[in-house]
Amino acid sequence: MIALLSGEVAVRRADHVVVATGGVGYRVAVSAETLRSVPAAGRPVTLHTHLIVRDDALLLYGFATEEERDLFLLLIGVQSVGPKMALAVLSGGPPRELLTAVAAGDTARLQAVPGIGKRTAERVVVELREKVGDGAGSLEESPIVISRGDDPRLLARDGLVGLGFSLQEAESLLDGAPGDTPEDLIAYALREGRR
């Protein structure tokens, strides 16, 4: 697996760059977001990469950050989202903004991406919302912080997890808990947990 590529920019196009290193030029497909951080031809560059092996091709995808690569890996895990569509989604903005949109269920933001229809946007949200919201999957080791807005139940759940409860225990303790603030919900859950 080629995970990182450092070299000199030989070619810089709208959808790919060629990075020359060790006498070899690697064609790397990139999102518009990554392309913004790729310098002009002749300058050094380092890209985090992901290699996809197909029967007829070796396809290398490059990313300015590990965060963007992790989001790419989540996106290609969604049914009917291939690498090209995932790059199109990543071209829609910084990874943190896209993750926030997914966590908030903002399908309109995803539909603004050319080639993403309503069904695909909904599928991305449905399949990734929990992974993104819980920090699970590929993003587990990444320092991504998702804003959960004002939902007191999610904030309370995160608070309980921070106190050492498992996600399942936290969900169980909050099931049917009364209260309008995270503090009230956590206090109730802790009282019930002692019984």
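Since every read-out is calculated from the coordinates, none of them should be taken as a lab result. Because the structure is a prediction, the values reported are computed rather than measured. Using ideal geometry, Cβ is built from the backbone for each residue, glycine included, and neighbour counts are taken over all protein chains shown.
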**Message:** Using helices alone, I'd like the mean residue ellipticity at 222 nm for the chain: each DSSP H run of four-plus residues gives -39500 (n - 2.57), total over residue count, nearest 500.
**Reply:** -12500 deg cm²/dmol
**Request:** Over the stretch 152-194, consider all pairs of different Cα atoms and compute the Kirkwood hydrodynamic radius from their mean reciprocal separation; express it in Å, one decimal.
**Result:** 9.6
**Prompt:** By its C-alpha gyration tensor, with a ≥ b ≥ c as the square roots of the eigenvalues, how is the stretch 66-139 shaped: rounded for a/c under 1.5, else prolate for a/b larger than b/c, else oblate?
**Reply:** rounded
**Message:** Using only the alpha-carbon atoms, how far is helix 118-134 inclined from the longest principal axis of the chain? Give it as 0 to 90 degrees, nearest 10.
**Reply:** 60
**Shape metrics for the chain, restricted to C-alpha atoms - Rg then Dmax, Å** = 20.3, 68
**Ranking of ASP175, ASP55 by count of other Cβ atoms within 10 Å, fewest first** = ASP55, ASP175
**Item:** Around THR46: net Lys/Arg minus Asp/Glu count, Cβ-Cβ under 13 Å
**Value:** 0
**Asked** Considering the chain as a Gaussian network with a 10 Å cut-off on Cα pairs, which listed residue, THR100, THR181, THR65, attains the greatest mean-square fluctuation?
**Response** THR181
**Listed residues THR21, THR107, THR34, most fluctuating in the chain (Gaussian network, C-alpha, under 10 Å)** = THR21
**Fill in**
Put in order of increasing Cβ neighbours within 10 Å, starting from the fewest, TYR61, TYR26, TYR188 give TYR188, TYR26, TYR61
**Prompt:** For the pair VAL161 and HIS16, what calculated FRET efficiency results from E = 1/(1 + (r/R0)^6), where r is the Cβ-Cβ distance and R0 = 30 Å, to the nearest 0.05?
**Reply:** 0.15
**Request:** For the chain, set up a Gaussian network in which alpha carbons nearer than 10 Å are linked by springs, and say which option among ASP158, ASP180, ASP70 fluctuates the most.
**Result:** ASP180
**Item:** In order through the stretch 52-69: 3J(HN,Hα) via Karplus (6.51 cos²θ - 1.76 cosθ + 1.60), integer Hz, x for Gly, Pro
**Value:** 10, 9, 10, 4, 10, 6, 10, 10, 10, 10, x, 9, 5, 9, 5, 4, 5, 5
